[in-house]
1. With a 1.4 Å probe and every protein chain left in place, work out the accessible area per residue of the chain in Å², rounded to a whole number.
2. Hand me the GluC sites (Glu not before Pro) from segment 1-39 located in a DSSP loop with no more than 13 other Cβ atoms within 10 Å, in residue order please.
3. If you filter segment 14-48 for chymotrypsin sites (Phe, Trp or Tyr not before Pro), then keep DSSP loop positions with at most 14 other Cβ within 10 Å, what is left?
4. Hey, with R₀ at 22 Å, roughly what FRET efficiency would Ser74 and Leu20 work out to, going by the Cβ-Cβ distance, to 0.05?
5. Looking at (i) 14.5, 44; (ii) 13.6, 39; (iii) 14.2, 47, which value of Rg and Dmax of the Cα atoms in Å comes from a calculation on the structure shown?
6. Which residues make up the longest stretch of the chain that has no trypsin sites (Lys or Arg not before Pro) in a DSSP loop with at most 10 other Cβ atoms within 10 Å?
7. Ignoring ligands, DNA and RNA, what percent of the accessible area of the chain is carbon or sulfur (1.4 Å)?
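The values are calculated or read from the model by the stated rules, or taken from the named source; none is laboratory data. All figures in this text were calculated on a predicted structure; none of them were measured in a lab. With ideal geometry, Cβ positions are generated from the backbone for all residues, glycine too; neighbour counts draw on all protein chains shown. Side chains included, ligands, DNA and RNA excluded: accessible areas come from the protein's heavy atoms. Shrake-Rupley method; radii C 1.70, N 1.55, O 1.52, S 1.80 Å.
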Amino acid sequence: MNKLNQNGAVAEELAALHFLREGYYVFKPILGFGPVDLIAVDANGDIILADVKAESSRVNTGRSKKSRITRVRSDIQKILNVVLCYVDLETGNVHVTNHAAN
């Protein structure tokens with residue numbers, strides 16, 4: 001397994017742990033690829049479909065501080081209302097993007 005795949009696998013496990021700690025039941029799709037990495041369901045039946053990304057950053061032109069490299073949801077992810085879930089591999093912090101606010 002290459003480093004990129006390893007980072008992705010670790011990010012998915014940390015995201016799953018985040019949702020478990022928040023009181024969700026967590027499921028993974030059968031296939032190892034697709035528009036959704038994790039499915040989280042709470043006791044009320046509310047469902048979160050998440051595409052998990054390992055946090056990465058860069059210094060943009062004209063800036064001195066690093067900023068998150070943002071990802072764009074695919075058309076099918078938008079239809080399914082998939083959220084992007086960024087995981088900082090160094091700290092374990094998880095940030096779930098609220099696309100409804102955009």
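1. Values: 7200 Å² over 102 residues.
Solvent-accessible surface per residue comes out at 71 Å².
2. Details: sites: Glu12, Glu13, Glu22; in loops: Glu22.
Counting only loop positions with at most 13 other Cβ atoms within 10 Å, the GluC sites (Glu not before Pro) in segment 1-39 are Glu22.
3. Values: sites: Phe19, Tyr24, Tyr25, Phe27, Phe33; in loops: Tyr24, Phe33.
The qualifying sites are Phe33.
4. Values: r = 26 Å, r/R0 = 1.20.
Once rounded, the FRET efficiency stands at 0.25.
5. (iii)
6. Values: sites that count: Arg63, Lys65.
Longest site-free region, per DSSP loop and neighbour criteria: 1-62.
7. Values: 3750 of 7200 Å².
Within the chain, the accessible surface is 52 percent carbon and sulfur.
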